[in-house]
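Note sheet for the following structure.
Values quoted throughout were computed directly from the atomic coordinates according to the rules given, and no laboratory measurement underlies them. If you're wondering where the values come from, they're calculated on a predicted model, not measured in any experiment. As a convention, Cβ positions derive from the backbone with ideal geometry for all residues, glycine included, and neighbour counts pool all protein chains shown.
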Amino acid sequence: MRSIKNRLLFILVITMSCPGFAQKQSFDIVTYTAPQNWTGKAGDGNISYSRIDGGNWAQIAIYQHRSSEGDIQSDFDKDWNELVANGRAISAPDKTEPTSESGWTAMSGNGVWQYNGANVASMLTVYSNKKVCVAILCNATAMPYLKAYQTMLGSLDIAAADHPGSSNTNHTSLAAKGNGNAVVGLWSYNLLETSGYSNGFPQYTAGYSRSEYLLKEDGTYIYRAKSWMVYGAKNILFIYEVGTYSINGSQISFTPKQAKGGWWKKTSSTKEWGPFVSGLTDYKQERKVYNFEMKYYSGTNNTALILKTGNATGVQEISFTKRAANEPLIDNPPGFETGFEK
């Protein structure tokens, strides 16, 4: 697949250095390069990246694909009205002419609105193949953020043009097939701490809470969790456990053999460990049973392991994303081995 290079109708003036970009990531039917040093968050039907620099801020959101209205103009107008103009006093969009490549047609438009007395530029880009369409939106208070958005668009790869038109068919459920081997690998969950919301935008701190399962072919697992919270805790919490897991239909159970936890002091960096405080004692863990589902998103390398708990009054779901075994999100405390390294 070839990258889609979107032509914008206005020139972006760069007055400061632009954030760098990291390795390719996937969401729904889109593969892209995310902006480095932006904060990512999975939402309901979208994934977003945000950045705050003093009084300036920006958010870029990629929305899950939907069925096309049949042409790019109608697709763009629908997404503009629902994602941008809804509830805002915003100028009419200044649009590009449609451009086509690799079976997809793209159109962009931008408008300006005010928030707390400051001008906010919204740029929406929609890709359509007359069967499905994908929308990518940037809200920003400064031009360099729009350059980051343009760079992300230039990195896009979208699934083949014959991709099915229903958002309910963009994944294959592997749990229903009883495919136990599909769960082997490293699965990560990353929750970013927020201090609240402003005008619908999350206000991120530097804090996070992460957990990972390494599920091995021999039926054993290693679980690690790390919590570095700005407001939630004074120290860094680290937990690990080892044990065995088994699959029975759509249920997965974890039977721990050993579990430890401890606290470390924070430093000024979320990437560093301070001195050890307390803990690292064994504690009893009960066997845990979850209903689970695996979703493989067609046209991407994105696979999710979804663990479900609850009853008739409510179900909670945690979605773990598959990662390369040598690219974990969590690092061990200094000098501390969990067995994950083997």
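Side notes on the structure shown:
- The GluC sites (Glu not before Pro) of the range 216-303 meeting both criteria, a DSSP state outside H, G, I, E and B (loop) and at most 14 other C-beta atoms within 10 angstrom of the site's C-beta, are GLU217, GLU272, GLU286.
- Under 5 Å, built H, 5+ apart or other chain: amide partners of ILE29: HIS65
- The C-alpha atoms of the range 58-138 occupy a region whose extents along the principal axes are 42, 23, 19 Å, arranged from largest to smallest.
- In order along the range 129-138, phi translates into HN-Hα couplings of 10, 6, 10, 9, 9, 10, 10, 10, 10, 10 Hz, rounded to whole numbers, per the Karplus curve 6.51 cos²θ - 1.76 cosθ + 1.60 with θ = phi - 60° and x for Gly and Pro.
- Counted by Cβ distance under 10 Å from LYS266, the other residues give a net charge of +1, where Lys and Arg count +1 and Asp and Glu count -1.
- Cα-projected label distance for SER250 with LYS130, points at 7 Å along beta-carbon direction, nm: 3.8 nm
- Placing a pseudo-label 7 Å from each Cα along the Cα-to-Cβ vector at VAL277 and MET143 gives an inter-label distance of 4.6 nm.
- Computed lengthening from SER155 to LEU191, 0.36 nm per intervening residue step minus Cα-Cα distance: 10.4 nm
- Here the spin labels are modelled as points 7 Å beyond Cα on the Cα-Cβ line, and at SER268 and SER91 they lie 4.2 nm apart.
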